[in-house]
Amino acid sequence: MGAAQTARRGVEQAIEELERRGAVVEPATSTRSRNTLRARPPGGAPVEIYVKTRGVGTWQTDVRRGSPTPDSPEDGRFWLFVDLTRTPIHFYVAPEWWVENDIYETYQADLARFGGSRPKNPTSTHHGISEERIAQWRERWDLLGLGA
């Protein structure tokens, strides 16, 4: 399965799970990404969810998605990591501010280990996110107002 197919399957699984938990889900209109959803939990405020899916290895993103971001627990923006490598599928719900900080801090630490430059390809912006880094966010549906 190619990257686009994996991403599409992850979004489908995310929508299915969000709806199963009672959310009304639609594509987000605030972004061009097909991987961003807007979900409204029962009786709650809408949230914006960026869906990131892995079919093998780590979740793939870009270092430019990282930034030193202040804690913003009420901003209503989340990343939903979908793990298609497991049966049943695992989901990780993390606040966007946390993910942006984690990408930034991890990348800065990597650069420091290698003297300030990526060792193999200094111009690359690729960034992998391992399961260990997001383990604390597994099944945190409560953050979206969708129970535990």
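General remarks:
- Ellipticity at 222 nm from helices only: DSSP H runs of n ≥ 4 in the chain, each -39500 (n - 2.57), divided by the residue count, give -8500 deg cm²/dmol.
- Per residue, the average separation of C-alpha pairs within less than 8 Å and at least 6 apart gives segment 3-144 a relative contact order of 22 percent.
- Zero-based 10 Å bins, Cα pair distances in segment 96-148, whole percents: 20, 42, 24, 11, 3
- Cα extents for the chain along the principal axes, largest to smallest and rounded to whole angstrom: 50, 36, 29.
- Three-way shape call for segment 35-105 based on the alpha-carbon gyration tensor, with the a/c threshold at 1.5: oblate
- Those chymotrypsin sites (Phe, Trp or Tyr not before Pro) in segment 103-148 that DSSP places in a loop and that have at most 13 other beta carbons within 10 Å: 114
- Qualifying GluC sites (Glu not before Pro) for segment 38-141 [loop in DSSP, other Cβ within 10 Å: at most 13]: 74, 139
- A simple spin-label model places pseudo-atoms 7 Å from Cα toward Cβ; at residue 126 and residue 4 they are separated by 2.0 nm.
- Beta bridges per DSSP, both residues in the chain: antiparallel share near 75 percent.
- Percent RCO, i.e. relative contact order, over segment 62-148, from Cα pairs under 8 Å lying at least 6 residues apart: 33
- Within segment 70-130, the trypsin sites (Lys or Arg not before Pro) that combine a DSSP coil assignment with at most 11 other C-beta atoms in a 10 angstrom radius are 86, 120.
Bear in mind that the values in this text are calculations on the coordinates, not laboratory data. Only a predicted model underlies this, so the values are computations on that prediction, with no experimental measurement involved. Because the Cβ atoms are built from the backbone with ideal geometry, glycine has one as well, and the counts that use them run over all protein chains shown.
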